[in-house]
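To keep things clear, I will list the structure first and then write my remarks on it.
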Amino acid sequence: MGYAMLISLLAGLFTAVGGAAALILPAKESVTAAGMGFAGGVMVTVSLADLLPEAVEGYLSAASPYTAAAKALSLFCLGAIAALLLGEVLPESSTLFAKSDMKKAGRKAADSSIRAAALRSATVTAAVVMLHNLPEGVLTLFSGYTDRSLGATVALAIGLHNLPEGVVIAAPVLYATGDKMRAFSAALLSGLAEPAGAILAFVCLHRAISPIFMDGLLCIVAGMMCAVSWKELLPLGYRLRPSACALGAVLGCVIMCAGIYCIS
């Protein structure tokens, strides 16, 4: 069990590595817009080209194509609705601007408002990525506990998959706050959700976890990631620099498609 926990932790820490890489980039509007687009491209691609097909394939082993598609679509929509509700719970950008030190720093109101919106989007994104990392931690734990070689392969694949997610979280936090340590901490905290998910599964859910349970969780997470991308990340990136956002989105799609192809 110790080995399984170790590889789960290492896979999660790849998110922090991605977050550290994001700190090298300058906190400019064009870079942040590209980062927002990249984040949206990564999250939509991993949802529609990886998580959702994997869940549907699992459902097909026990149900007809129509039933499998209906289950996956309904859970996907449930996840999207949950993400939208999460966004409604958080304070609006104007509230964050009023309460933050951005206003005190003497920045222009328009610039500070955009940075507050970036911070709000980063908060929603981090929450969703943390939820996404929970089932990955479960998968790494059980594969490593069953077979060490298989566990190492799964952990490496998930770790490489986590690298762009660190960028997704750290880039908007850095742009909004200018604080590199805060940006890195956000990525690190999200990555630690992976071993946390593994511990939670072992302590509380080891009897309830089944392939069908995992497939349903993947559908819900896919819906959440798509909703966050379309409602938070891409609109804000387009607001900053449309061309940079579009370029980042295409790059995110291409990199994740290549990554999915290489590890499948």
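Only the coordinates and a few stated rules stand behind these numbers; no lab work does. Note that the coordinates shown come from a computational prediction; the quantities given were computed from them, not determined experimentally. Backbone-built Cβ (ideal geometry, glycine too); neighbour counts: all protein chains shown.
In this simple spin-label approximation, Val254 and Leu200 carry label points 7 Å from Cα along the Cα→Cβ vector, and these lie 3.6 nm apart. Give the share of C-alpha pairs in each 10 angstrom bin for the stretch 1-70, from 0 to the last occupied bin, in whole percents, shortest bins first. The distribution over the stretch 1-70 is 16, 25, 29, 22, 7, 0, given as percents. Phi-derived couplings, Karplus 6.51 cos²θ - 1.76 cosθ + 1.60 at θ = phi - 60°, listed residue by residue for the stretch 64-73: 6, x, 5, 5, 4, 5, 5, 4, 5, 5 Hz, with x used for Gly and Pro.
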